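Working notes for the structure below.
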Amino acid sequence: MSKYQAVGIGNAVVDVICQSDDSFLTRMGIEKGIMQLIEQERGEALYEAMENRRQMAGGSVANTIAGLGALGLSTGFIGRVCDDALGQFYATGMADVGCDFVNPPVAGGDLPTSRSMIFVSPDGERSMNTYLGISTELGPEDVPGDVAGGAGLLFLEGYLYDKPRGKAAFTEAARACRAGGGMAGISLSDPFCVDRHRDDFRILVRELDYVIGNEHEWQSLYQSDDLGAALEQAAAESGLVVCTRSGQDVVIVQRDETVTVPVDTITPVDTTGAGDQFAAGFLYGLATGQSLEASGRMGCIAAAEVIGHYGARPETDVKALFAAQGLI
(Lines give C-alpha, C1' and ligand atoms only; values in the text may rest on other atoms or scores of the structure.)
Protein backbone atom coordinates (compact mmCIF):
# COMPACT_ATOMS: atom_id res chain seq x y z
CA MET A 1 0.00 0.00 0.00
CA SER A 2 1.26 3.47 -0.85
CA LYS A 3 1.36 5.92 1.99
CA TYR A 4 -0.06 8.55 -0.36
CA GLN A 5 -1.92 8.13 -3.61
CA ALA A 6 -0.31 11.36 -4.86
CA VAL A 7 2.69 13.39 -3.71
CA GLY A 8 3.88 16.69 -5.14
CA ILE A 9 7.23 18.44 -4.84
CA GLY A 10 7.44 22.12 -5.65
CA ASN A 11 7.81 25.69 -4.54
CA ALA A 12 5.67 26.42 -1.49
CA VAL A 13 4.43 29.87 -2.47
CA VAL A 14 1.80 32.09 -0.88
CA ASP A 15 -0.29 33.53 -3.71
CA VAL A 16 -1.28 37.17 -3.25
CA ILE A 17 -3.96 38.16 -5.77
CA CYS A 18 -5.49 41.46 -6.79
CA GLN A 19 -7.31 42.90 -9.79
CA SER A 20 -5.47 45.41 -11.95
CA ASP A 21 -5.85 47.02 -15.36
CA ASP A 22 -3.27 47.25 -18.12
CA SER A 23 -2.30 50.81 -17.22
CA PHE A 24 -1.35 49.64 -13.72
CA LEU A 25 0.80 46.87 -15.18
CA THR A 26 2.55 49.34 -17.46
CA ARG A 27 3.09 51.82 -14.65
CA MET A 28 4.61 49.14 -12.40
CA GLY A 29 6.74 47.63 -15.18
CA ILE A 30 4.90 44.29 -15.05
CA GLU A 31 4.96 42.17 -18.21
CA LYS A 32 1.45 40.91 -18.86
CA GLY A 33 0.61 37.23 -18.98
CA ILE A 34 3.87 35.65 -17.83
CA MET A 35 5.58 34.59 -14.64
CA GLN A 36 8.65 36.61 -13.68
CA LEU A 37 11.09 35.78 -10.91
CA ILE A 38 11.92 38.84 -8.82
CA GLU A 39 14.15 39.76 -5.89
CA GLN A 40 13.00 40.50 -2.36
CA GLU A 41 13.03 44.31 -2.66
CA ARG A 42 10.92 44.23 -5.83
CA GLY A 43 8.54 41.77 -4.18
CA GLU A 44 8.01 44.05 -1.20
CA ALA A 45 7.33 47.03 -3.47
CA LEU A 46 4.76 45.16 -5.55
CA TYR A 47 3.10 43.76 -2.44
CA GLU A 48 2.63 47.27 -1.04
CA ALA A 49 1.19 48.48 -4.36
CA MET A 50 -1.55 45.84 -4.39
CA GLU A 51 -5.07 46.93 -3.46
CA ASN A 52 -7.79 44.64 -2.10
CA ARG A 53 -5.33 41.78 -2.09
CA ARG A 54 -6.25 38.24 -1.10
CA GLN A 55 -3.76 35.55 -0.13
CA MET A 56 -3.84 31.77 -0.16
CA ALA A 57 -1.44 28.84 -0.10
CA GLY A 58 -0.26 28.27 -3.65
CA GLY A 59 2.51 27.14 -5.94
CA SER A 60 1.81 25.30 -9.18
CA VAL A 61 2.22 21.69 -8.08
CA ALA A 62 0.86 22.46 -4.62
CA ASN A 63 -2.34 23.66 -6.30
CA THR A 64 -2.54 20.41 -8.24
CA ILE A 65 -2.02 18.30 -5.13
CA ALA A 66 -4.63 20.34 -3.25
CA GLY A 67 -7.02 19.69 -6.13
CA LEU A 68 -6.33 15.96 -5.92
CA GLY A 69 -6.96 16.07 -2.18
CA ALA A 70 -10.28 17.80 -2.75
CA LEU A 71 -11.17 14.96 -5.12
CA GLY A 72 -10.64 12.47 -2.30
CA LEU A 73 -7.13 11.14 -2.88
CA SER A 74 -4.69 10.83 0.02
CA THR A 75 -2.06 13.46 -0.72
CA GLY A 76 1.21 14.88 0.55
CA PHE A 77 3.23 17.91 -0.48
CA ILE A 78 6.97 18.42 -0.09
CA GLY A 79 8.04 22.07 0.06
CA ARG A 80 10.01 24.50 2.16
CA VAL A 81 8.65 27.48 4.12
CA CYS A 82 10.12 29.67 6.84
CA ASP A 83 8.70 29.71 10.35
CA ASP A 84 7.28 33.20 9.77
CA ALA A 85 3.71 34.45 9.49
CA LEU A 86 3.35 33.50 5.81
CA GLY A 87 4.99 30.13 6.43
CA GLN A 88 2.58 29.29 9.22
CA PHE A 89 -0.28 30.50 7.01
CA TYR A 90 0.91 28.21 4.23
CA ALA A 91 1.25 25.09 6.39
CA THR A 92 -2.20 25.64 7.87
CA GLY A 93 -3.69 26.29 4.44
CA MET A 94 -2.45 22.97 3.08
CA ALA A 95 -3.72 21.09 6.12
CA ASP A 96 -7.11 22.79 5.76
CA VAL A 97 -7.60 21.21 2.32
CA GLY A 98 -6.67 17.76 3.61
CA CYS A 99 -3.13 17.65 2.26
CA ASP A 100 -0.23 16.63 4.50
CA PHE A 101 2.45 19.32 4.41
CA VAL A 102 5.36 16.95 4.90
CA ASN A 103 8.04 19.47 5.93
CA PRO A 104 7.57 21.59 9.08
CA PRO A 105 8.35 25.34 8.77
CA VAL A 106 12.08 26.06 9.12
CA ALA A 107 12.95 28.01 12.26
CA GLY A 108 15.64 30.68 12.09
CA GLY A 109 16.01 30.72 8.33
CA ASP A 110 17.68 33.66 6.60
CA LEU A 111 15.15 33.74 3.77
CA PRO A 112 11.41 34.39 4.17
CA THR A 113 8.57 32.27 2.83
CA SER A 114 8.05 32.50 -0.92
CA ARG A 115 5.26 34.67 -2.28
CA SER A 116 3.82 35.35 -5.74
CA MET A 117 2.07 38.61 -6.52
CA ILE A 118 -0.61 37.83 -9.11
CA PHE A 119 -2.24 40.70 -10.98
CA VAL A 120 -5.48 39.70 -12.72
CA SER A 121 -6.51 41.81 -15.72
CA PRO A 122 -10.13 42.47 -16.75
CA ASP A 123 -9.73 39.84 -19.53
CA GLY A 124 -8.84 37.19 -16.94
CA GLU A 125 -5.16 37.06 -17.85
CA ARG A 126 -2.79 36.82 -14.90
CA SER A 127 0.64 38.34 -14.57
CA MET A 128 2.77 36.71 -11.90
CA ASN A 129 5.77 38.17 -10.11
CA THR A 130 7.31 35.59 -7.82
CA TYR A 131 9.91 35.94 -5.08
CA LEU A 132 11.06 32.41 -4.28
CA GLY A 133 12.71 33.08 -0.91
CA ILE A 134 13.33 29.95 1.11
CA SER A 135 11.97 27.67 -1.63
CA THR A 136 15.31 28.06 -3.40
CA GLU A 137 16.92 26.06 -0.58
CA LEU A 138 14.81 22.93 -1.04
CA GLY A 139 17.15 19.96 -1.34
CA PRO A 140 17.36 16.17 -1.09
CA GLU A 141 17.25 16.29 2.71
CA ASP A 142 13.74 17.74 2.46
CA VAL A 143 12.47 14.64 0.65
CA PRO A 144 11.64 11.77 3.04
CA GLY A 145 12.46 8.54 1.24
CA ASP A 146 9.39 6.75 2.55
CA VAL A 147 7.10 9.52 1.25
CA ALA A 148 8.51 9.61 -2.28
CA GLY A 149 9.06 5.87 -2.38
CA GLY A 150 5.52 5.16 -1.22
CA ALA A 151 3.74 7.49 -3.62
CA GLY A 152 1.37 6.05 -6.18
CA LEU A 153 1.85 9.20 -8.28
CA LEU A 154 4.67 11.71 -7.93
CA PHE A 155 4.23 15.11 -9.58
CA LEU A 156 7.23 17.40 -9.91
CA GLU A 157 7.49 21.10 -10.68
CA GLY A 158 9.73 22.16 -13.55
CA TYR A 159 10.62 25.39 -11.76
CA LEU A 160 12.67 23.33 -9.27
CA TYR A 161 15.31 22.90 -11.94
CA ASP A 162 16.31 26.55 -11.50
CA LYS A 163 18.44 25.53 -8.50
CA PRO A 164 20.91 22.61 -8.32
CA ARG A 165 19.61 21.50 -4.91
CA GLY A 166 16.05 21.41 -6.19
CA LYS A 167 17.17 19.42 -9.20
CA ALA A 168 18.92 16.91 -6.92
CA ALA A 169 15.80 16.60 -4.74
CA PHE A 170 13.71 16.08 -7.84
CA THR A 171 15.93 13.34 -9.25
CA GLU A 172 16.20 11.46 -5.96
CA ALA A 173 12.43 11.55 -5.40
CA ALA A 174 11.63 10.34 -8.91
CA ARG A 175 13.99 7.40 -8.57
CA ALA A 176 12.51 6.45 -5.18
CA CYS A 177 8.96 6.66 -6.51
CA ARG A 178 9.62 4.51 -9.56
CA ALA A 179 11.63 1.99 -7.51
CA GLY A 180 8.59 1.69 -5.24
CA GLY A 181 6.30 0.94 -8.17
CA GLY A 182 4.80 4.43 -8.53
CA MET A 183 4.57 6.72 -11.55
CA ALA A 184 6.68 9.88 -11.62
CA GLY A 185 6.01 12.84 -13.88
CA ILE A 186 6.67 16.52 -14.36
CA SER A 187 4.93 19.76 -15.22
CA LEU A 188 7.01 21.70 -17.74
CA SER A 189 5.87 24.83 -15.84
CA ASP A 190 6.69 27.66 -18.26
CA PRO A 191 8.24 28.18 -21.73
CA PHE A 192 11.03 30.25 -20.20
CA CYS A 193 11.70 27.45 -17.71
CA VAL A 194 11.93 25.01 -20.62
CA ASP A 195 14.35 27.36 -22.41
CA ARG A 196 16.61 27.38 -19.37
CA HIS A 197 16.65 23.60 -18.92
CA ARG A 198 15.96 22.18 -22.37
CA ASP A 199 18.65 19.49 -22.34
CA ASP A 200 17.65 18.22 -18.89
CA PHE A 201 13.95 18.24 -19.77
CA ARG A 202 14.61 16.31 -22.96
CA ILE A 203 16.23 13.62 -20.81
CA LEU A 204 13.29 13.66 -18.39
CA VAL A 205 10.77 13.17 -21.18
CA ARG A 206 12.53 9.90 -21.93
CA GLU A 207 12.96 8.79 -18.32
CA LEU A 208 9.72 9.77 -16.55
CA ASP A 209 6.32 8.13 -16.86
CA TYR A 210 4.33 11.22 -17.88
CA VAL A 211 4.92 14.84 -18.84
CA ILE A 212 2.28 17.62 -18.83
CA GLY A 213 2.76 20.92 -20.64
CA ASN A 214 1.02 23.50 -22.78
CA GLU A 215 1.58 24.05 -26.49
CA HIS A 216 4.16 26.81 -25.96
CA GLU A 217 6.18 24.63 -23.59
CA TRP A 218 6.21 21.66 -25.98
CA GLN A 219 7.21 23.89 -28.89
CA SER A 220 9.98 25.38 -26.79
CA LEU A 221 11.20 21.95 -25.71
CA TYR A 222 11.65 20.79 -29.30
CA GLN A 223 12.41 24.24 -30.73
CA SER A 224 9.67 23.93 -33.31
CA ASP A 225 6.89 26.26 -34.45
CA ASP A 226 4.99 23.16 -35.58
CA LEU A 227 3.14 21.77 -32.55
CA GLY A 228 2.27 18.56 -34.38
CA ALA A 229 5.91 17.87 -35.12
CA ALA A 230 6.91 18.65 -31.54
CA LEU A 231 4.31 16.26 -30.11
CA GLU A 232 5.24 13.57 -32.60
CA GLN A 233 8.82 13.79 -31.43
CA ALA A 234 7.74 13.80 -27.78
CA ALA A 235 5.55 10.75 -28.30
CA ALA A 236 8.49 8.89 -29.80
CA GLU A 237 10.56 9.58 -26.69
CA SER A 238 8.10 9.51 -23.78
CA GLY A 239 5.64 7.19 -22.09
CA LEU A 240 2.72 9.62 -21.79
CA VAL A 241 2.53 13.14 -23.22
CA VAL A 242 -0.21 15.65 -22.38
CA CYS A 243 -0.59 18.98 -24.21
CA THR A 244 -3.09 21.69 -23.24
CA ARG A 245 -3.83 24.48 -25.72
CA SER A 246 -5.52 27.46 -24.03
CA GLY A 247 -9.16 26.76 -24.78
CA GLN A 248 -8.54 24.44 -27.73
CA ASP A 249 -8.59 20.64 -27.84
CA VAL A 250 -6.26 18.83 -25.45
CA VAL A 251 -3.94 16.30 -27.07
CA ILE A 252 -2.84 13.18 -25.17
CA VAL A 253 -0.37 10.71 -26.63
CA GLN A 254 0.70 7.37 -25.19
CA ARG A 255 2.84 5.22 -27.45
CA ASP A 256 0.76 4.72 -30.62
CA GLU A 257 -2.49 6.00 -29.10
CA THR A 258 -3.52 9.64 -29.64
CA VAL A 259 -6.59 11.10 -27.92
CA THR A 260 -8.06 14.52 -28.63
CA VAL A 261 -10.31 15.96 -25.94
CA PRO A 262 -12.58 18.89 -26.88
CA VAL A 263 -12.70 21.95 -24.65
CA ASP A 264 -15.83 24.04 -24.06
CA THR A 265 -15.23 27.73 -24.76
CA ILE A 266 -15.98 29.88 -21.72
CA THR A 267 -15.04 33.41 -20.75
CA PRO A 268 -12.54 33.25 -17.90
CA VAL A 269 -12.79 35.32 -14.75
CA ASP A 270 -9.22 34.47 -13.72
CA THR A 271 -6.96 32.01 -15.53
CA THR A 272 -4.75 31.52 -12.47
CA GLY A 273 -4.49 27.81 -11.77
CA ALA A 274 -6.07 26.58 -15.02
CA GLY A 275 -3.12 24.35 -15.87
CA ASP A 276 -2.70 23.28 -12.25
CA GLN A 277 -6.29 22.09 -11.97
CA PHE A 278 -6.26 20.49 -15.39
CA ALA A 279 -3.36 18.41 -14.07
CA ALA A 280 -5.38 17.58 -10.93
CA GLY A 281 -8.32 16.32 -12.94
CA PHE A 282 -6.15 14.40 -15.37
CA LEU A 283 -4.03 12.79 -12.65
CA TYR A 284 -7.16 11.87 -10.71
CA GLY A 285 -8.30 9.92 -13.75
CA LEU A 286 -4.87 8.33 -14.09
CA ALA A 287 -4.81 7.37 -10.39
CA THR A 288 -8.26 5.81 -10.50
CA GLY A 289 -7.74 3.76 -13.65
CA GLN A 290 -9.76 5.88 -16.09
CA SER A 291 -9.13 5.91 -19.83
CA LEU A 292 -7.00 8.64 -21.37
CA GLU A 293 -10.11 10.25 -22.84
CA ALA A 294 -11.98 10.25 -19.52
CA SER A 295 -8.90 11.54 -17.69
CA GLY A 296 -8.55 14.36 -20.23
CA ARG A 297 -12.21 15.28 -19.84
CA MET A 298 -11.76 15.36 -16.06
CA GLY A 299 -8.85 17.72 -16.52
CA CYS A 300 -10.90 20.03 -18.71
CA ILE A 301 -13.80 20.08 -16.23
CA ALA A 302 -11.47 20.91 -13.33
CA ALA A 303 -9.78 23.68 -15.34
CA ALA A 304 -13.15 25.16 -16.37
CA GLU A 305 -14.25 25.28 -12.75
CA VAL A 306 -11.19 27.17 -11.53
CA ILE A 307 -11.18 29.83 -14.27
CA GLY A 308 -14.78 30.70 -13.37
CA HIS A 309 -13.69 32.44 -10.16
CA TYR A 310 -10.69 34.17 -8.59
CA GLY A 311 -7.99 31.95 -7.14
CA ALA A 312 -6.11 28.85 -8.22
CA ARG A 313 -8.04 26.19 -6.33
CA PRO A 314 -11.55 24.75 -6.77
CA GLU A 315 -14.46 26.29 -4.90
CA THR A 316 -17.10 23.72 -5.85
CA ASP A 317 -17.28 19.92 -5.67
CA VAL A 318 -15.38 18.96 -8.82
CA LYS A 319 -16.04 15.28 -8.21
CA ALA A 320 -19.77 16.04 -8.44
CA LEU A 321 -19.09 17.74 -11.78
CA PHE A 322 -17.42 14.54 -12.97
CA ALA A 323 -20.44 12.53 -11.86
CA ALA A 324 -22.81 14.90 -13.65
CA GLN A 325 -20.92 14.15 -16.88
CA GLY A 326 -21.11 10.41 -16.29
CA LEU A 327 -17.37 10.06 -15.74
CA ILE A 328 -17.63 8.38 -12.34
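Structure notes:
- A Cβ distance below 7 Å, combined with a sequence gap of six or more or placement on separate chains, defines the contacts here; from region 312-324, residues that are part of a helix (DSSP H, G or I) reach residues that are open to solvent by less than 40 Å² (accessible area, probe 1.4 Å) and of a type outside the set (Gly, Ala, Ser) in the pairs Val318/Leu71; Val318/Ile301; Val318/Glu305; Lys319/Leu71; Leu321/Ile301; Leu321/Glu305; Phe322/Met298; Phe322/Ile301.
- Test result for Val269, outside any loop (DSSP other than H, G, I, E, B), open to solvent by less than 70 Å² (accessible area, probe 1.4 Å) and within 28 Å of Glu125 (Cβ to Cβ): no
- Restricted to region 134-235, the set of strands (runs of 3 or more DSSP E) holding at least 1 residues that are over 16 Å from the mean Cα position of the chain (by Cα) and surrounded by 18 or more Cβ atoms within 10 Å (Cβ to Cβ) comprises 151-157, 183-187.
- Of the residues making up region 220-255, those that are under 30 Å from Thr267 (Cβ atoms), in contact (Cβ under 8 Å) with a residue 12 or more places away in the chain and of a type outside the set (A, V, I, L, M, F, W, C) are Ser220, Thr244, Arg245, Ser246, Gly247, Gln248, Asp249.
- Checklist (1) modelled with pLDDT of 95 or more; (2) open to solvent by 50 Å² or more (accessible area, probe 1.4 Å); (3) among the small types (Gly, Ala, Ser) applied to Ala279, failing item: (2)
- Considered as a group, the residues in region 257-302 that are over 18 Å from Ser189 (Cα atoms) and hydroxyl-bearing (Ser, Thr, Tyr) include one that is nearest to the chain's Cα centre (by Cα), and that residue is Tyr284.
- Matching residues, region 10-39, being assigned to a helix (DSSP H, G or I) and surrounded by fewer than 13 Cβ atoms within 10 Å (Cβ to Cβ): Ser23, Thr26, Arg27
- Residue ID - surrounded by the most Cβ atoms within 10 Å (Cβ to Cβ), chosen from residues in region 236-266 that are of a type in the set (Gly, Ala, Ser) and farther than 17 Å from Arg206 by Cβ: Gly247
- Each residue in region 141-187 was checked for being farther than 17 Å from Ile65 by Cα and in contact with a Ser or Thr (Cβ under 6 Å, 6 or more places away or on another chain), and 1 pass.
- Checked against (1) farther than 18 Å from Thr130 by Cβ; (2) β-branched (Val, Ile, Thr); (3) open to solvent by less than 50 Å² (accessible area, probe 1.4 Å); (4) part of a helix (DSSP H, G or I), Val7 meets all criteria but (4).
- If only residues of region 311-328 that are open to solvent by 70 Å² or more (accessible area, probe 1.4 Å) and under 19 Å from Gly93 (Cα atoms) are counted, the one that is nearest to the chain's Cα centre (by Cα) is Glu315.
The values are calculated or read from the model by the stated rules, or taken from the named source; none is laboratory data. This one's a predicted model, so the numbers in the text were calculated from it and none came from an experiment. No Cβ is skipped: glycine too gets one built from the backbone with ideal geometry, and neighbour counts run over all protein chains shown. Note: accessible area is taken over every heavy atom of the protein model, side chains too, but ligands, DNA and RNA are not part of it. Shrake-Rupley method; radii C 1.70, N 1.55, O 1.52, S 1.80 Å.
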